[in-house]
Amino acid sequence: MEFEALSSSELAAYLRGVPSVYALLNQPGELDIAEVGDGNLNYVYFVSNARTPEKSVVVKQAPPFLRLVGKTWPLTRHRMIREVAALRRFGELCPQHVPRVYHADTELYLMVMQRLSTHAILRQKLMDGHVYPKLTDHLSTYLAHTLFYGSDLFLAPEVKKQAVSAAINTELCKITEDLVFTFPFEDHPSNVYSNAFPKQMIERIWRTPALRVAVAEMKWSFMNDAETLVHGDLHTGSIMVNQDETYVIDPEFAFYGPMGFDVGAVLANLLLAYFSRDWHDRRTGQGSDDYRKWLLDQITGIWTAFADKFRLLWREHESRRKSHFIGDDPGGHCAEAYRVRFMQRLLANSLGFAGCKMIRRIVGMAKVADITSISDDAIRAAVEVKCVQFAERLLIERHAFGSIEEVVELARDVQTREHRLQ
Ligand code: SR1
Ligand code: MG
C-alpha cells in the first residue's frame, strides 16, 4: 500500500489507543497536532493537550523515502528502529542529555518521545548570536560518556562484538559514504554550488591529490573502524539547548564507527558558524569580536573537556579492572603512554572528519542554514571559500596539529587574512 503521512485525526486516534501516551498527555479531550519536521528524512509532529498545552510529546515517523527528495529516493523504514535503539542506548549512558522515548511502534515505524518545549535548535541560536554557558560542559560529557561506554575500552569483547552487529545501519551509512566522502569530491550531479562559488575552487577540490587521498583515508576509517556506537550525524541541528540544558536528538545514523566522526561533526559545525559570522553579525546588527571568540572557545573547550573526561572514565575503569590492551603494567606507565597516543590519534581523526563535513556542506546537496541564509552571493562565496580552504588544511595536515589551540589559531588566521585562490 502506498505510504501516506498520518493526518491529525489519524494520529490523534492512534495516540488515544496507547495508554501510556494517553496518560502522559493528561487524558486529553482534544489534541493540538502540528507537523513541524524540517529535517531531511522524517515526519515530526508536536502533539499537545488542547486544554493543558504543557502536556505535550513529539511523534516522529519514518516514511519509506528520503523526505528531502521524495518518493524517487526510496529508503527502508527500518531506520526508525535504529533511531529508537540508539536513543535508548545513549539515554542509558547519558540520560541528562538525551530525550526519553515513551513509545515505539515497529509496524508504523513511529515513536513518541519527550518534547523539549523550552529548548531550541542550536544552529539557529548560534546564527542569532546566543551564548550558552553550559554548552562546553554538556557536550563534552555527552561525547565522553557515549563514546567511552560503547567501546572496547569499557565493554567486554564479546559484548562489544554483539553490539557492533546489532547496530549495523547499512542504508544510512551508505548515504554518509556517498554524501560526505565521495560526491563532494568529484563532478557529481548531486553537488550544488552557490552562484558565485569560484570554478577554480571546485576544480581544486577535484584535483588536489593530497586532499583526495586524505578524504579516502577518512572514508576508510568511517567504513572500517567500528570503535563505538556513534550518533552519526551530530551537527548543530541535532542539538537542542536552553540556558540550563543540552539535548542531543536524531541519532538515526547511529552505527559502530570511529569516535572522531561525532567529535568532528561538532567541531565542523561550530567552525561553519564561526566562518559565517560576518554575515550573521550584519544580519542581527551585532558585531562584536566577543561572539567570535566565544565560538572558538567552544571548539577548544569541547575538545579539551571531552579529552579530560574521556581519559578520566578510562583511568577509573582501569583502576577497577585490568586493561584489555596493556595487560600487566606495574605503575601504569604503559597505559598512560597508550592514552596519550590514543588521544592524539583521535584528535587527528576528528579533524579529518571535520574537514570532510565542512566541505560536504559547501558543495554537496545537503547544506546548512548558517551558509544558505547568506543572501549576498559574493559574501556567501567568500565565506564558502574560507570554509573550504580551512577544511583542506584540516584534512591534509590533521596529523601535524599538536593541540586544539593550533586548530583554532589556524581558523583565526584563515578568517582574518585575505586568502588568495592558488
Ligand atoms: C540526503 S540526507 C542528507 C543529510 O541529512 C542528514 O542530516 C545527514 O547529514 C545526511 O547526510
Ligand atoms: Mg537528522
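The values are calculated or read from the model by the stated rules, or taken from the named source; none is laboratory data. Since we're looking at a predicted model, the values are computed, not measured. Here the Cβ positions follow ideal geometry from the backbone for every residue, glycine too, while neighbour counts run over all protein chains shown.
Points to keep in mind about this one:
- Only listed residue being surrounded by 20 or more Cβ atoms within 10 Å (Cβ to Cβ) and either at pLDDT 95 or above or among the basic types (Lys, Arg) (or both), chosen from Leu93, Leu122: Leu122
- Test: residue in the stretch 140-150 that is surrounded by fewer than 20 Cβ atoms within 10 Å (Cβ to Cβ) and of a type in the set (Phe, Trp, Tyr): yes
- Checked across the stretch 184-192, the condition of being within 16 Å of ligand 2 (Cβ to nearest atom) and aliphatic (A, V, I, L, M) holds for no residue.
- Inter-residue pairs, beta-carbon under 6 Å, first outside the structural domain of Trp220 (by TED's automatic domain parsing) and in the stretch 173-200, second within 16 Å of ligand 2 (Cβ to nearest atom) and outside any loop (DSSP other than H, G, I, E, B), 6+ apart: none
- For the stretch 155-168, the condition holds for no residue, the condition being that it is under 17 Å from the mean Cα position of the chain (by Cα) and farther than 26 Å from Ala378 by Cα.
- Those residues of the stretch 33-67 which are within 15 Å of Asp105 (Cβ to Cβ) and of a type in the set (Phe, Trp, Tyr), in sequence order: Tyr43, Tyr45
- Condition check for Asp262: in contact with a strand residue (DSSP E or B) (Cβ under 8 Å, 6 or more places away or on another chain), of a type in the set (Asp, Glu) and crowded, with 20+ Cβ neighbours inside 10 Å: yes
- Apart from one condition, Leu272 fits all of (1) more than 30 Å from Asp152 (Cα to Cα); (2) within 16 Å of ligand 1 (Cβ to nearest atom); (3) in contact with a strand residue (DSSP E or B) (Cβ under 9 Å, 6 or more places away or on another chain); the exception is (3).
- Scanning the stretch 36-49 for residues that are away from ligand 1 (no atom under 15 Å from the Cβ) and either modelled with pLDDT of 95 or more or surrounded by 18 or more Cβ atoms within 10 Å (Cβ to Cβ) (or both) yields Tyr45, Phe46, Val47, Ser48, Asn49.
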